[in-house]
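Asks: What follows is a single structure, and I will ask about it in a moment.
The values are calculated or read from the model by the stated rules, or taken from the named source; none is laboratory data. Quick caveat: nothing in here was measured; it's all calculated off a predicted structure. Positions of Cβ are backbone-derived with ideal geometry, glycine not excepted, and every protein chain shown enters the neighbour counts. In case anyone asks, the SASA skips ligands and DNA or RNA and just uses the protein heavy atoms, side chains included. Shrake-Rupley method; radii C 1.70, N 1.55, O 1.52, S 1.80 Å.
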Amino acid sequence: MTETRPRSHTSPYPLWFFIPAAIIYGVLFLAPTVSSLWFSLTRWDLSTAEFIGLENFRQFFSEPFLVQGLVNTLIYAVTTSGLKTVCGLLLAVLLTGNIFARGFLRTLVFFPVLVSTIGIGITFTVMMHPTRGIINVALETLGIPGPGWLTNPALALFSVALVDLWKGVGLATLIFIAGIAAISPDYYEAARIDGATRLQQFSRITLPLVRPAMITVVTLSLIGGLRSFDLIWAMTRGGPGFSSDVIASVIYKQYQAGFYGLSTAGNVILFALIAIIILPLTLWFNRREVEE
C-alpha cells in the first residue's frame with residue numbers, strides 16, 4: 001500500500017516574483033510610515049532633529065484650534081459619507097428604472113467626478129459669494145435672504161460638504177447601479193405577483209441585496225472624508241477663523257509655519273484615526289455579511 005501524502009498549499013509563483021512589489025511597497029509605504037513615526041517624536045528641521053518624546057502629541061491635543069480640526073474632520077467625514085450613501089442609493093434606484101434619457105442622466109450625474117477638485121472649489125467659491133454669487137442672487141430674486149455660505153462660521157464646513165456631495169455622489173451612484181444590476185429580476189417579478197408595492201420591493205429586496213455595494217460606498221466615502229484637503233483649501237482655507245479646518249489643512253498650516261515635528265505628529269494622528277475607524281467598521285461589515 002502506498003502512503004498518501006497531504007498536498008502542500010504552496011504558491012504557484014516563485015518567491016522572487018513578489019520581490020519587486022515588496023521593494024516598491026517598502027520604499028513607498030513602509031519606509032515613509034516608519035520615518036513619520038520617528039520624526040513625530042522629534043523637533044526637526046531640514047538639517048537637525050532633537051528627540052522630545054510625545055511632546056508634539058501633547059501640544060497637538062492642548063491647542064484648541066488643533067482639536068477643533070480633529071472634530072471638524074469627524075463631522076465632515078460622517079456628513080459627506082452619509083449624504084453620498086443616501087443620495088447615491090436613491091439616484092441609483094431612479095437611474096435603473098425605465099425613465100426617459102436614462103443614459104444621458106447617468107452621464108450627467110457621473111460627470112462631476114471627472115472634473116478637477118480645485119476647479120470645482122474655485123467655481124463654487126464664486127457661486128457662493130455672499131453678495132455677488134449666483135446662488136444668493138437667485139435667492140434674493142425669490143425674496144429669500146441668502147446666507148453667508150462660506151463666511152458664516154456655522155455654515156462654512158457644511159457648505160463645503162454639500163459641494164463635496166455634488167462632486168462625489170456620481171461615484172457612489174455608479175457603485176450602487178452595479179449592485180442593483182446584479183440583483184436577479186426574478187425577485188422583483190415574484191414580489192409583484194405577491195402584490196408588493198415599490199416601497200416594499202425596495203425595503204425587502206433592493207436594500208438587503210445591495211449591502212455589498214453599500215459597504216464599498218461607506219468605506220470609500222469615509223476614507224475620502226477623513227483625508228479631505230484640496231476642496232476645503234480651495235474654498236475656505238480653513239476659515240473663517242478655524243471653523244472649517246480639518247486635520248489635513250491644520251497639518252499643511254503647521255508645515256508652512258515651520259513646525260515640522262508638530263505637523264508630522266498630525267500626520268500620524270490622521271493615519272491612526274483612519275485605521276481606528278475603518279478597520280473595525282470593515283470587520284463589522286464583513287461579519288454581518290457572512291452571518292446573513
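Asks: Would a scan of the range 98-108 turn up a residue that is out of contact with any Leu (no Cβ under 6 Å at 6 or more places or on another chain) and either touching a residue at least 40 places away in the same chain (Cβ under 8 Å) or over 24 Å from A178 (Cα atoms) (or both)?
Replies: Taking every residue of the range 98-108 in turn, none turns out to be out of contact with any Leu (no Cβ under 6 Å at 6 or more places or on another chain) and either touching a residue at least 40 places away in the same chain (Cβ under 8 Å) or over 24 Å from A178 (Cα atoms) (or both).
Asks: If we keep just the residues of the range 88-114 that are part of a loop (DSSP other than H, G, I, E, B) and open to solvent by less than 50 Å² (accessible area, probe 1.4 Å), which is modelled with the highest pLDDT? Break it down into steps so the answer makes sense when it comes.
Replies: Of the range 88-114, the ones part of a loop (DSSP other than H, G, I, E, B) are 96-101.
Those still in the list that are open to solvent by less than 50 Å² (accessible area, probe 1.4 Å) too: 96-97, 101.
Details: T96: 91, G97: 87, A101: 87.
Restricting to residues being part of a loop (DSSP other than H, G, I, E, B) and open to solvent by less than 50 Å² (accessible area, probe 1.4 Å), the top hit is T96.
Asks: Quick check, is I183 of a type in the set (A, V, I, L, M), in a loop (DSSP other than H, G, I, E, B), open to solvent by less than 40 Å² (accessible area, probe 1.4 Å) and modelled with pLDDT of 90 or more?
Replies: yes
Asks: In this structure, is G241 on the phi > 0 side of the Ramachandran plot and open to solvent by 20 Å² or more (accessible area, probe 1.4 Å)? Walk me through it before giving the result.
Replies: Working: on the phi > 0 side of the Ramachandran plot: yes; open to solvent by 20 Å² or more (accessible area, probe 1.4 Å): yes.
It is true that G241 is on the phi > 0 side of the Ramachandran plot and open to solvent by 20 Å² or more (accessible area, probe 1.4 Å).
Asks: Quickly run through the range 115-125 and pick out the residues that are free of Cβ contacts under 8 Å to residues at least 12 places away in the same chain and surrounded by 15 or more Cβ atoms within 10 Å (Cβ to Cβ).
Replies: T123
Asks: Out of curiosity, is G258 on the phi > 0 side of the Ramachandran plot and in contact (Cβ under 8 Å) with a residue 40 or more places away in the chain? Walk me through it before giving the result.
Replies: On the way: on the phi > 0 side of the Ramachandran plot: yes; in contact (Cβ under 8 Å) with a residue 40 or more places away in the chain: yes.
Yes: the conditions hold for G258.
Asks: Based on this model, can you work out whether I135 counts as part of a helix (DSSP H, G or I) and open to solvent by 60 Å² or more (accessible area, probe 1.4 Å)? Before the answer, list the steps.
Replies: On the way: part of a helix (DSSP H, G or I): yes; open to solvent by 60 Å² or more (accessible area, probe 1.4 Å): no.
Considered against the rule, which asks whether it is part of a helix (DSSP H, G or I) and open to solvent by 60 Å² or more (accessible area, probe 1.4 Å), I135 comes out as no.
Asks: Give R58, R43 a once-over and let me know the one that is more than 27 Å from the chain's Cα centre (by Cα), of a type outside the set (A, V, I, L, M, F, W, C) and in a helix (DSSP H, G or I).
Replies: So the residue among R58, R43 that is more than 27 Å from the chain's Cα centre (by Cα), of a type outside the set (A, V, I, L, M, F, W, C) and in a helix (DSSP H, G or I) is R58.
Asks: Taking the range 54-73 as the search range and keeping residues that are touching a residue at least 12 places away in the same chain (Cβ under 8 Å) and more than 19 Å from G239 (Cβ to Cβ), which one is most open to solvent (accessible area, probe 1.4 Å)?
Replies: Among those residues, the one meeting the criterion is L54.
Asks: Let me ask something additional. Please state which of the following conditions I223 fails to meet, knowing it meets all the rest: (1) more than 30 Å from T236 (Cβ to Cβ); (2) among the hydrophobic types (A, V, I, L, M, F, W, C); (3) surrounded by fewer than 19 Cβ atoms within 10 Å (Cβ to Cβ).
Replies: Of (1) more than 30 Å from T236 (Cβ to Cβ); (2) among the hydrophobic types (A, V, I, L, M, F, W, C); (3) surrounded by fewer than 19 Cβ atoms within 10 Å (Cβ to Cβ), only one is false for I223: (1).
Asks: Which ones in the range 44-53 are surrounded by 13 or more Cβ atoms within 10 Å (Cβ to Cβ) and at pLDDT 90 or above?
Replies: The one that is surrounded by 13 or more Cβ atoms within 10 Å (Cβ to Cβ) and at pLDDT 90 or above: I52.
Asks: Return a yes/no flag: does the range 194-206 have any residue that is buried (at least 19 other Cβ atoms within 10 Å of the Cβ) and either modelled with pLDDT of 90 or more or in contact with a helix residue (DSSP H, G or I) (Cβ under 8 Å, 6 or more places away or on another chain) (or both).
Replies: Step one: of the range 194-206, the residues buried (at least 19 other Cβ atoms within 10 Å of the Cβ) are 206.
Next, only the ones that are either modelled with pLDDT of 90 or more or in contact with a helix residue (DSSP H, G or I) (Cβ under 8 Å, 6 or more places away or on another chain) (or both) stay: 206.
Scanning the range 194-206, I find at least one residue that is buried (at least 19 other Cβ atoms within 10 Å of the Cβ) and either modelled with pLDDT of 90 or more or in contact with a helix residue (DSSP H, G or I) (Cβ under 8 Å, 6 or more places away or on another chain) (or both), so the answer is yes.
Asks: Out of all the residues in the range 253-271, is one or more open to solvent by less than 40 Å² (accessible area, probe 1.4 Å), hydroxyl-bearing (S, T, Y), at pLDDT below 95 and touching a Ser or Thr at 6+ places or on another chain (Cβ under 8 Å)?
Replies: yes
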